[in-house]
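The values are calculated or read from the model by the stated rules, or taken from the named source; none is laboratory data. Predicted model only: the values in this text are computed from it and were never measured. Reconstructed Cβ throughout: ideal geometry from the backbone, glycine too, with neighbour counts over all protein chains shown.
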Amino acid sequence: MASTPHGSFLRYEGYRYLKFASLLCILSIVVYWLHDPQDGPNGGTWLGYTLGTIGALLIAWLAWLGIRKRRYSSTLGTVKGWLSAHVYLGLALITVATLHTGFQFGWNIHTAAYVLMSAVVLSGIFGIAAYARMPTLITKNIGDSDREALIDEVLDLNQQALKIADQMGPEVHRILVRSAERMRIGGGLRDQLFGPLPPGQRVIDELRKVLADKQRAATSTRAFDPNSSSTVIFMAGELAQAGKSAESAEKARQLMELISRRNALITRINRDITLHAQMQIWLYFHVPLTVALLAALTAHIIAVFIYW
């Protein structure tokens, strides 16, 4: 992971912004510890106003990253440098803002702004973890290929399977067509985030039931039901009955191999979709929370100047 570009922004220029953020936190803590106001620490003291101003400026500056990283022609530093500063100063903001409050919280707009700020930072931490971890998992899952190529391969395997199924009769062809129609790639939000049921999982459950039935009826000579909803179960029956023809057995074996390869590819594709979704989902929280924070911060500042 240390060699990935996703982790390099954390080490930008020898941890320049980690050092700066750490210095800011240490200075804030030392001054807060030395400061001894008559009414106790709070946001209304000179230190409270100072830390509050620093915190507000940090929030405004950190929010600017969303605009800055889309301005590729800007000469105000590099995107990597801004991202490194965004991470470390965002973490330092927790210390600055907490000391600004003097640890005084209540049911008011001031505490609401603090809670929103904490939520923004926490969602950002999740984003850091996702961008540090997910690229390695994506590469491990999909290798040097890409999702579009894997989907093309799935379609090609389907075509090969259908050609063999045509040679094995209409029932086999019908089962293969129905199997192709049941393929699930992507799916809804829940499936994208946590992954759909792996191909063949339901088939395995049905197969166990069929095998149990066969054990209970070992003397039965009933034919294998070609109307079974499971492609793999049906093909297992084809293999069992293919002893009368070496050619049929070979075709059944090829078909089973194609189906297994197809299902394995579908699993990899869905895994790729899931990893990308998990890497991006935090933005759907981070950005709206940032907008809400800016609104709450504005209300907080206005309230301070009106009532204090």
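The number of residues in region 21-54 being exposed (fewer than 15 other Cβ atoms within 10 Å of the Cβ), part of a helix (DSSP H, G or I) and either aromatic (Phe, Trp, Tyr) or at positive phi (or both) comes to 3. Within region 282-298, the presence of at least one residue that is surrounded by 12 or more Cβ atoms within 10 Å (Cβ to Cβ), modelled with pLDDT under 85 and among the aliphatic types (A, V, I, L, M) is confirmed.
Every residue, every condition in (1) in contact with a Lys or Arg (Cβ under 8 Å, 6 or more places away or on another chain); (2) surrounded by 15 or more Cβ atoms within 10 Å (Cβ to Cβ); (3) at pLDDT 90 or above; (4) under 20 Å from residue 291 (Cβ atoms), yes or no:
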{"site": "83", "(1), (2), (3), (4)": "yes, yes, no, yes"}
{"site": "92", "(1), (2), (3), (4)": "no, yes, yes, no"}
{"site": "122", "(1), (2), (3), (4)": "no, yes, yes, yes"}
{"site": "158", "(1), (2), (3), (4)": "yes, yes, no, no"}
